[in-house]
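One structure is given below, encoded as structure tokens.
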Amino acid sequence: MSPSPGAVRELFRARFGGSADGVWLAPGRANLMGEHTDYNEGFVLPFALGQGIMAAAARRAGRRLVLCSAQSPDGVVSFVLDDLEPGRVTGWAAYPAGVAWALISAGYEVPGACLAFDSDVPAGAGLSSSAALECATALALTSLAGLSVDRRELAAIARRAENEFAGVPTGIMDQSASLLSRSGHALLLDCRSLETAQVPFDPAASGARLLLINTRARHELSAGQYGQRRAECERAARLLGVPSLRYLTDVADVGRLADPVLRRRARHVVTDDQRVLEVVALLRSPESSDRHVYPEIGRLLTQAHVSLRDDFEVSWPEADVAVDAALAAGALGARMIGGGFGGSVLALVRPAAAGAVRAAVAEAFARRSWTGPVFLDAAPSASARRVALG
Ligand code: GLA
């Protein structure tokens with residue numbers, strides 16, 4: 001069930017007694033283009049989802065942080081702020097604990113507090129529920145402390161929580177999407193300069209729709225494989241004599257890599273960076289409301305999927321089947337999103353074809369006796385914010 005400020009406040013009251021000082025919401029994200037480009041200092045073009053994680057929070061006396069979650073009904077997690085160290089808190093609570101730790105490490109005063117969370121971002125669906133949890137915590141804790149921290153800095157703090165405290169070696173895309181997006185826009189982020197631009201993105205106005213297909217598959221080894229891809233990209237950059245793959249602007253340069261695996265990895269990164277810029281140019285073109293722009297974007301989405309599947313090799317069978325079935329049923333384009341090895345596919349469809357696309361994907365899964373996919377309509381939404389006062 002979707003979280004509501006009332007429901008999360010009720011959870012707060014039931015677990016902690018008393019009432020929350022406020023409720024903060026941080027959205028999950030989908031990514032229109034630019035996958036595995038963020039840690040290569042490249043471009044990404046994510047957007048915030050309407051789905052997110054809410055935190056009802058209040059200060060408490062003393063130096064403890066006390067957490068509970070509607071998605072983890074087994075009670076509260078509690079720890080002393082000044083004892084926090086990577087590895088001390090595990091499971092879902094590592095993300096909020098990591099944010100407190102990263103804020104303290106950055107020199108900010110973090111007060112003792114109680115936080116209750118509720119979510120409608122499915123976990124493990126590649127929609128960045130962990131970044132949403134981090135960003136909701138970061139906003140709640142800084143607001144409770146009366147701090148105003150620049151959102152770019154907050155994104156960096158939340159990423160540090162994920163990388164160094166929770167031990168997941170991700171890039172900066174997800175936290176940036178949650179904290180910096182604007183409704184009706186995609187967020188163009190240059191992961192080298194960290195400059196951002198809001199790119200108008202309103203598929204509905206051009207007779208298109210974004211359909212998320214949660215394949216409900218999460219394969220073993222995903223964390224290890226992500227780290228391996230990162231290492232391969234770093235090795236490729238070193239061999240080519242550039243600080244990161246972002247510095248390659250001509251895809252022909254990857255031909256200088258003798259190792260065919262590294263060549264494929266680098267080719268994906270360079271071409272996906274280019275695809276981000278192509279999508280941005282299409283969305284910004286004077287004809288952007290034209291019905292022809294979306295088929296072009298769809299074509300680029302499908303091209304990106306092929307690149308992620310064949311060159312970067314992070315796709316998974318359910319994603320490939322979902323993409324093929326969606327395209328066969330008339331989608332303009334489709335691709336896996338996120339880190340890979342499980343999670344969701346983003347399909348761009350004409351509203352008239354949406355029903356047929358859903359049916360075709362569901363049928364393709366049923367034919368293979370796979371767990372049924374879950375469909376979600378996606379709309380470029382607003383970034384993290386306070387949604388209720390105390
Ligand atoms: C995960 C990471 C991001 C990014 C994507 C792949 O979502 O959290 O930083 O690397 O994978 O694009």
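Given the condition at pLDDT below 95 and assigned to a loop (DSSP other than H, G, I, E, B), answer yes or no: does some residue in segment 105-116 qualify? No, every residue in segment 105-116 fails to be at pLDDT below 95 and assigned to a loop (DSSP other than H, G, I, E, B). Selection of segment 210-240 for residues being open to solvent by less than 20 Å² (accessible area, probe 1.4 Å) and within 17 Å of the chain's Cα centre (by Cα) yields LEU210, LEU211, LEU212, ILE213, THR215, ALA217.
Taking the listed residues ARG59, ARG64, the one that is closer than 18 Å to PRO96 by Cα and without any contact (Cβ under 8 Å) to a residue 60 or more places away in the chain is ARG64, with no other qualifying.
Quick check on segment 263-317: of everything there that is of a type in the set (Ser, Thr, Tyr) and either open to solvent by 40 Å² or more (accessible area, probe 1.4 Å) or under 28 Å from HIS219 (Cβ atoms) (or both), which residue is nearest to the chain's Cα centre (by Cα)? Among those that are of a type in the set (Ser, Thr, Tyr) and either open to solvent by 40 Å² or more (accessible area, probe 1.4 Å) or under 28 Å from HIS219 (Cβ atoms) (or both), it is SER315.
Within segment 160-179, residues that are more than 16 Å from ARG88 (Cβ to Cβ) sit with their Cβ atoms under 8 Å from residues that are of a type in the set (Val, Ile, Thr) and more than 9 Å from the ligand (Cβ to nearest atom), at 6+ positions apart or across chains, in these pairs: SER176/THR196.
Under the condition of being open to solvent by less than 10 Å² (accessible area, probe 1.4 Å), under 30 Å from ARG309 (Cα atoms) and either part of a strand (DSSP E or B) or among the hydroxyl-bearing types (Ser, Thr, Tyr) (or both), the residues counted in segment 30-85 number 12. Just one of the listed residues (LEU189, LEU127, LEU147, LEU139) is over 23 Å from GLY227 (Cα atoms) and surrounded by 24 or more Cβ atoms within 10 Å (Cβ to Cβ), namely LEU139. Of all residues in segment 130-159, those that are more than 11 Å from the ligand (Cβ to nearest atom), free of Cβ contacts under 8 Å to residues at least 40 places away in the same chain and among the charged types (D, E, K, R) total 1. With respect to the conditions (1) within 16 Å of the ligand (Cβ to nearest atom); (2) touching a strand residue (DSSP E or B) at 6+ places or on another chain (Cβ under 6 Å); (3) among the hydrophobic types (A, V, I, L, M, F, W, C), ALA334 falls short on a single one, namely (1). When the residues of segment 160-177 are filtered to those that are within 8 Å of the ligand (Cβ to nearest atom) and assigned to a helix (DSSP H, G or I), the one that is surrounded by the fewest Cβ atoms within 10 Å (Cβ to Cβ) is GLU162. Annotation note: of THR302, THR271, the sole residue that is within 16 Å of the ligand (Cβ to nearest atom) and on the phi < 0 side of the Ramachandran plot is THR271.
Among the residues of segment 150-159, which ones are closer than 23 Å to GLN71 by Cβ and open to solvent by 10 Å² or more (accessible area, probe 1.4 Å)? Within segment 150-159, ARG159 is the sole residue that qualifies. Residues considered: LEU133, LEU127, LEU141. Of these, the only one that is closer than 23 Å to PRO5 by Cα and part of a loop (DSSP other than H, G, I, E, B) is LEU127.
The values are calculated or read from the model by the stated rules, or taken from the named source; none is laboratory data. Predicted, not measured: the structure shown is a model, and the values here were computed from it. Cβ: placed from backbone, ideal geometry, glycine included. Neighbour counts: every protein chain shown. In case anyone asks, the SASA skips ligands and DNA or RNA and just uses the protein heavy atoms, side chains included. Shrake-Rupley method; radii C 1.70, N 1.55, O 1.52, S 1.80 Å.
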